[in-house]
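Undergrad: Sending over a structure as structure tokens; questions will come in a sec.
The values are calculated or read from the model by the stated rules, or taken from the named source; none is laboratory data. Since the structure is predicted, the reported quantities are computational estimates derived from the model, not experimental observations. With ideal geometry, Cβ positions are generated from the backbone for all residues, glycine too; neighbour counts draw on all protein chains shown. Areas reflect the complete protein model, heavy atoms only, side chains present, ligands, DNA and RNA absent. Shrake-Rupley method; radii C 1.70, N 1.55, O 1.52, S 1.80 Å.
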Amino acid sequence: DITDNSMSKGQKARAIYKYAHSKIGYTGNSYTNSSEWQDEAFEALKVIKKNGYVAGDCFTYASVDRALLDGIGAECIWVDNQGARSGDHSWLLCNLGTGWYHFDATQISNGFTCFMLTDKQVRDFTQIKPNFYDFAADRYPATPQTEFVLQ
């Protein structure tokens, strides 16, 4: 219900970002006790459909993001930070056909928006919020040097 066939893949991804960002409230705990992202996404989306809103953590956001992005044919890679408390934050690398970019609909306290960002952009944010997007770059494909252009 959040996308339609007239939208480009980028527009669909932006709609997914806005949907997850607005329908999930950050609590610091995942919605389920499952360690499987598919279970988390299914249960969270079920509650959103019923109540219009669900509470969860970055695992909930990344799980819902991934399920919906998979649905539009986007490629996704799960990313976990490796900062001071490794695994404290999870998000996705997403490829809509123009290269891999960081995708994270999590509501971040200072209002930072992580929609299709480059490695440089998330590293710049890590200077503000230490370790948040600290990841082992050699384990993932590099993003393009240029910012994502929504088409």
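Undergrad: Tell me what the chain gives for mean residue ellipticity at 222 nm when only DSSP H runs of n ≥ 4 count, each as -39,500 (n - 2.57), the sum divided by the residue total, rounded to 500 deg cm²/dmol. Walk me through the numbers before you get to the answer.
TA: On the way: 4 runs with 54 residues, N = 151.
Taken over the chain, the calculation gives -11500 deg cm²/dmol.
Undergrad: Would you calculate the separation in nanometres between label points at Ile77 and Ala142, each defined as 7 Å from the Cα along the Cα-to-beta-carbon direction?
TA: My value for the distance between the label points is 1.3 nm.
Undergrad: Would you kindly work out the equivalent ellipsoid of segment 6-151 from its C-alpha gyration tensor and give its semi-axes, the square roots of five times the eigenvalues, largest first in whole Å? The partial results should precede the final answer.
TA: Working: eigenvalues 96, 73, 36 Å².
So the equivalent ellipsoid measures 22, 19, 13 Å along its semi-axes.
Undergrad: Looking at segment 6-57, which chymotrypsin sites (Phe, Trp or Tyr not before Pro) are in a loop (DSSP not H, G, I, E or B) and have at most 12 other Cβ atoms within 10 Å?
TA: Those satisfying the criteria are Tyr53.
Undergrad: Using each residue's phi in segment 102-110, evaluate 6.51 cos²θ - 1.76 cosθ + 1.60 at θ = phi - 60° and report the 3J(HN,Hα) Karplus result to the nearest Hz, with x for Gly and Pro.
TA: 6, 9, 8, 7, 3, 6, 9, 3, 9
Undergrad: Straight-line reach from Lys46: which lysines have a Cα under 17 Å away, not including same-chain ones fewer than 8 places off?
TA: Lys23
Undergrad: With an 8 Å cut-off on Cα pairs and a minimum separation of 6 or more residues, tell me the relative contact order of segment 70-151 in percent.
TA: Details: 122 pairs, mean separation 23.1, N = 82.
Over segment 70-151, the number comes to 28 percent.
Undergrad: Which of the chymotrypsin sites (Phe, Trp or Tyr not before Pro) found in segment 93-151 are in a DSSP loop and have at most 11 neighbouring Cβ atoms, other than their own, within 10 Å?
TA: Details: sites: Trp100, Tyr101, Phe103, Phe112, Phe115, Phe125, Phe132, Tyr133, Phe135, Phe148; in loops: Phe112, Phe132, Tyr133, Phe135, Phe148.
In loop regions of segment 93-151 (DSSP not H, G, I, E or B), there are no sparsely surrounded chymotrypsin sites (Phe, Trp or Tyr not before Pro).
Undergrad: Still on this model: Can you pull out the trypsin sites (Lys or Arg not before Pro) in segment 13-113 whose DSSP state is coil and whose Cβ has at most 11 other Cβ atoms within 10 Å?
TA: Details: sites: Arg14, Lys18, Lys23, Lys46, Lys49, Lys50, Arg66, Arg85; in loops: Arg85.
Here the sparse-neighbourhood loop sites are Arg85.
Undergrad: Within the chain, what's the longest run with no GluC sites (Glu not before Pro) in a DSSP loop and at most 14 other beta-carbon atoms within 10 Å? Give the range, please. Could the numbers behind the result be given before it?
TA: On the way: sites that count: Glu36, Glu147.
It works out to 37-146.
Undergrad: Could you go through segment 25-33 in sequence order and give the Karplus-derived ³J(HN,Hα) for each residue, using 6.51 cos²θ - 1.76 cosθ + 1.60 with θ = phi - 60°, rounded to whole Hz, and x for Gly and Pro?
TA: 3J(HN,Hα) across segment 25-33, in whole Hz: x, 7, 10, x, 10, 5, 5, 10, 9.
Undergrad: Grab the Cα-Cα distance for Ala55 and Lys18, subtract it from 0.36 nm times how many residues apart they are, and report the gain in nm with one decimal.
TA: Values: separation 37, 0.36 × 37 = 13.32 nm, distance 1.56 nm.
That pair, Ala55 and Lys18, stretches by 11.8 nm at full extension.
Undergrad: Let me ask something additional. Any idea what the relative contact order of the chain is, in percent, if you count C-alpha pairs under 8 Å spaced at least 6 apart? Provide the component values of the computation, followed by the final result.
TA: Working: 256 pairs, mean separation 31.3, N = 151.
Relative contact order comes out at 21 percent.
Undergrad: Could you give log10 I(q)/I(0) at q = 0.11, 0.12, 0.22, 0.27 Å⁻¹ for segment 75-148, computed by the Debye formula over C-alpha point scatterers of equal weight, without solvent?
TA: -0.23, -0.27, -0.98, -1.49
Undergrad: Which whole-number value in Å² is the accessible area per residue of the chain, probe 1.4 Å?
TA: Numbers: 7910 Å² over 151 residues.
Here the per-residue accessible area is 52 Å².
Undergrad: Sequence neighbours fewer than 8 away in the same chain don't count; with that in mind, list the lysines whose C-alpha is under 23 Å from Lys129.
TA: Lys18, Lys120
Undergrad: Determine the share of the chain's accessible area contributed by carbon and sulfur atoms, expressed in whole percent, with a 1.4 angstrom probe. Please report the intermediate quantities before stating the final value.
TA: Values: 3640 of 7910 Å².
Carbon and sulfur together cover 46 percent of it.
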